[in-house]
1. Which value in Å does the Kirkwood hydrodynamic radius of region 209-368 take, with 1/r averaged over all unlike C-alpha pairs and then inverted?
2. With the cut-off at 1.5 for a/c, could you classify region 136-227 from its C-alpha gyration tensor as rounded, prolate or oblate?
3. Give me the Kirkwood hydrodynamic radius of region 20-114, using the inverse of the mean 1/r over all pairs of distinct Cα atoms, in Å to one decimal.
4. As a footprinting exposure proxy, order 8, 188, 215, 326 by other Cβ within 10 Å, with the fewest listed first.
5. Cα-Cα pairs above 27 Å in the chain: how many percent?
6. When the distances between all Cα atoms of region 242-285 are binned every 5 Å from zero, what whole-number percent does each bin get?
7. From Cα pairs below 8 angstrom and at least 6 apart in sequence, can you work out the relative contact order of region 78-168, rounded to a whole percent?
8. Determine the shape class of region 18-68: with a ≥ b ≥ c the square roots of the Cα gyration tensor eigenvalues, call it rounded for a/c under 1.5, and otherwise prolate if a/b is greater than b/c, oblate otherwise.
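We did not get these values from a lab; they are worked out from the coordinates using the rules stated. All figures in this text were calculated on a predicted structure; none of them were measured in a lab. Counting neighbours? That spans all protein chains shown, and the Cβs are built from the backbone with ideal geometry, glycine included.
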Ligand code: FNR
């Protein structure tokens, strides 16, 4: 855990990559491995980044971009720009202020924030730090009463939507973190869950399967999603969608939007990059349905490419942790400003005055 983050930013911090390069000076090796790592052989983690590097942007000339703007409406709510902070658990691993600092940065930069169920600061305390747009990421709890209570608390604290994450019914051990000897410090806890009974301890019995009869017996199913949709007045967004048929079924059920995501390469290793999944899902849900993407977005250029391929907005995961470790709220706010500036520059040079003007025709297709 870092207690010596910067209060003045050095002049060489110009990109998310600069923060990533500096972060190891502020984090111990185990924590860095936990935050940066992916599941399995990290094939999907690498693919998330490589997918963006495959695309090129084709600028148009002489278009009127005066009066341009990154503003958009998402779930009927106004956003200043399409870069949101992804739900990332246990942010006190990166900085003692944890999610409080991230929320302050979101407020200072007009950035939408999605808070994890597993935040190390309570959802109420985080809400108090930002009057801006914030959503709550929900993990179904083994006990429905606890899940319902989390939903009520998020509603009462002013969260504008629920983002339910469904891609990790079981959480793969991060092998990079295990090898580096990472152990969650006792001081960092899932602050939202302290009032609920801990999940039952599963014991592997002879001949039994821990995974299927244990963990997976509690995993949510379609009935649970329907139950959630009936429980809350908030729009529900599903995070972790990869298959177009799942996307279409969720839309038909009344899910308000989807996040195309592989959990930043921390769910099923070997699944495609988030960017590669996007076009088929856009096709399945139609042009007007809210779609977010996360996984591998490291620059405004990446965000532009995701929007061109069908996303309405993107979420940023690990870069917020790097910036948080390096310089707390100041670092995250600075990172968000850099990313937004990069996006604006990209839009201006490509000839797209608004985010709605960014479409597939803005990408270079060598085969044409
Ligand atoms: C995550 N992610 C995540 N997702 C979620 O729905 N709830 C959570 O609590 C967490 N926690 C979490 C912790 C850490 C350390 C990481 C790196 C990621 C996944 C996150 O929301 C997002 O999907 C990815 O981080 C996006 O990929 P990039 O931007 O990190 O490449």
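1. Working: mean 1/r = 0.0572 Å⁻¹.
For region 209-368, the Kirkwood estimate is 17.5 Å.
2. Values: a/c = 1.89, a/b = 1.31, b/c = 1.45.
Oblate, since a/c reaches 1.5 and b/c is not below a/b.
3. Values: mean 1/r = 0.0589 Å⁻¹.
One decimal place: 17.0 Å for the Kirkwood radius.
4. Details: 8 6, 188 19, 215 16, 326 30.
Least to most surrounded, the residues fall as 8, 215, 188, 326.
5. Working: 30875 of 67528 pairs.
Of all Cα-Cα pairs in the chain, 46 percent lie more than 27 Å apart.
6. P(r) over region 242-285, rounded to whole percents: 5, 25, 30, 23, 14, 4.
7. Details: 146 pairs, mean separation 24.2, N = 91.
In percent, rounded to a whole number, it is 27.
8. Numbers: a/c = 4.49, a/b = 1.97, b/c = 2.28.
Judged from the Cα gyration tensor, region 18-68 comes out oblate (a/c at least 1.5, b/c at or above a/b).
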